[in-house]
Every structure is written in structure tokens, then in C-alpha cells.
Amino acid sequence: MHTFDASRIYIALDTSSVEQARAFVRELAPTGVGFKVGMQLFYQSGPAFVKELTAQGLQVFLDLKFHDIPNTVAGAVQSIGELGAAICNVHVAGGLEMMKRARQAADALAQRAGKRPQVIGVTQLTSTSREMMNEEVGIPGDVQDVVIRYALLAQTAGLDGVVASGHEVRGIREACGDDFVTVIPGIRLAANDSALIHDQKRVMTPHEAFQEGAHAIVIGRAVTQAAEPRATVEQILAAL
Ligand SMILES: O=C(O)c1cc(=O)[nH]c(=O)n1[C@@H]1O[C@H](COP(=O)(O)O)[C@@H](O)[C@H]1O
């Protein structure tokens, strides 16, 4: 038995069918992990699958990365609110007013339903390198500095935390305090770093991310493309 709280790990269910996602849930739920439903699965299986998970008492991060005008984002948070997800997210780049409205929509839900998802802000995607950010997108400076600036803005708007890479966790905690939630994707296991690095640019191992102070991590392909996903999760937990 391990003592680490496995629900601090969200397995990204980026599958091409709901049956595949169900199979991962059946296999991995006994380890105590949470699950992340993102665009790929949500756009085919819709809210019904999220409800199916939360009805089983599973912890769900609903990752739809809202980014639109404030009124539309507030409506979107309202729409997904009753699915019972523990976390949902919006892009910090949508601005202060948009984030405030997202938080207000979550608060209204809490008043009606007695609970709400945590609303966290996506800073700079873990697939973004400094070169991409500076030269393609035209945002100058260090990724770390930009991420901390975004985290502070998210905090000002009343969000519960941010999504960032493990490289920025320490700085975010220093700037925003230890209660401001950090959820960290871009996780790679040392053993498969070079094989699975793919599109992620700012990566860390689970152990490193938690050592830096992450509240939760998101792991997708390093588990779902492993020969033995369940054993891989057990190994990760044992090493924490
Ligand atoms: O919001 C997210 O979850 C997210 C933000 C980010 O900056 N980077 C990032 O990879 N993610 C998500 O985290 C998961 C990472 O998957 P793997 O790279 O397969 O571990 C994917 O589902 C991404 O959509």
C-alpha cells in the first residue's frame, strides 16, 4: 500500500472512443486516481460521460479550456456546472473580466447546488517553448515570468489556481501563496522521456513536479500508451 493521495493524479482520457475511455477507467479507478476529460472525448461523448464518472464518485477534471467573451464563458461554466466535476478551466488570456465571470458563475452554482467545481486558469500551454511564445505569438520575455504574471491575474480574478508546467510551480507558489492550486501537465516518466516527449516542451517527472510543490498532476500518454497502464500507475504511486 502507498500513502500518497492518488487523487492528486489525473489520468488524461484522450481516447478516440468512449469505450476505450471506459476501459481505462475500469482498469485505473481502483488505484484511486482522478480522470481528466478533455476536448477529444467531450466533443464525442458529451456531458453524459462526465456524469457517468462523477456518479461513480470519481474525481473529474473537465478540461475544456474556455476562452471567449465574458458572457459566453460564464454561460459555459453554468452549463457544465451540474456535471459534478471537481475542476474546470479557462484561458487566462481571456482576461480579468472573463475570469471573474467564470468564478461568479461557479459561485452561483454553489449557491444553487451546494458545491462547485474549482475554476483554474490555463497559463502558457506546456507545449509552448520560449521561442514559440516570443517569435510566433509575439509575447516577449521568459515563459516563467509570463506564467507568474498570468497566475497573479488569475488570482486577482478570484480563480482557485492555474495550470502550468512543473518548471513554474515554485515561482507561482511564491507569488500567489501555497493555497493557490497548481495543476501540472507535461508529465513524462524518466523511462520514456525521449520516446513520448512529442508535442510537450516543458516537461517533468511526477516526482519532480510534486517536489516542486504541485498540488496535482495530469498524466496522459505516459500511462495510456504504456504496455501495462495499471502497473505504470502503481509504480508512479509507489515512487511518490
Ligand atoms: O489543461 C490541460 O490539461 C493542459 C494544459 C497544458 O498546458 N498542457 C497539457 O498538456 N494539458 C493537457 O494535459 C494532457 C497531457 O497529456 P500527455 O501529454 O499525453 O500526458 C492533455 O490532455 C492536454 O490537453
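No lab work stands behind these numbers, since they all come straight from the coordinates. Just so it is clear, the structure is predicted and the values come from calculations on it, not from any experiment. No Cβ is skipped: glycine too gets one built from the backbone with ideal geometry, and neighbour counts run over all protein chains shown.
Quick notes on this one:
- Three-way shape label, region 154-225, alpha-carbon gyration tensor, a/c 1.5: prolate
- Mean ellipticity per residue at 222 nm, deg cm²/dmol - from DSSP H runs of n ≥ 4 across the chain, formula -39500 (n - 2.57): -13000 deg cm²/dmol
- As a calculated quantity, the FRET efficiency between LYS51 and ASP179 at R0 = 30 Å, using C-beta atoms, amounts to about 0.55.
- Judged by the mean number of other Cβ atoms found within 10 Å, the most tightly packed of the peptides 63-69, 224-230 leads the ranking 63-69, 224-230.
- Listed by chain and number, the aspartates and glutamates whose alpha-carbon sits under 19 Å from that of LYS65, ignoring those within fewer than 8 places in the same chain, are ASP14, GLU82, GLU97, ASP107, ASP160, ASP199.
- Kirkwood Rh in Å, taken over the chain so that all alpha-carbon pairs contribute: 18.0 Å
- More than 18 Å apart - percent of Cα-Cα pairs taken over region 71-133: 37 percent
- Residues of region 138-164 with amide N under 20 Å of the 7 Å Cα→Cβ point at ALA113: 159-161
- Residue-count net charge about HIS67 - beta-carbon cut-off 14 Å; Lys, Arg +1, Asp, Glu -1: -1
- Region 6-239, relative contact order in percent, only Cα pairs under 8 angstrom and at least six apart counted: 18 percent
- Listed residue pairs exceeding 21 Å between alpha carbons, taken from LYS100/LYS201; LYS51/LYS115; LYS36/LYS100: LYS100/LYS201; LYS36/LYS100
- Value of D in µm² per second that Stokes-Einstein yields for region 1-138, Kirkwood Rh from Cα pairs, at 20 °C (1.002 mPa s): 134 µm²/s
- Potential lengthening between VAL137 and GLN235 on full extension [0.36 nm per residue; Cα-Cα distance subtracted]: 31.4 nm
- Taking Cβ atoms as reference points and 13 Å as the exclusive limit, the residues near ALA108 contribute a net charge of +4, counting Lys and Arg as +1 and Asp and Glu as -1.
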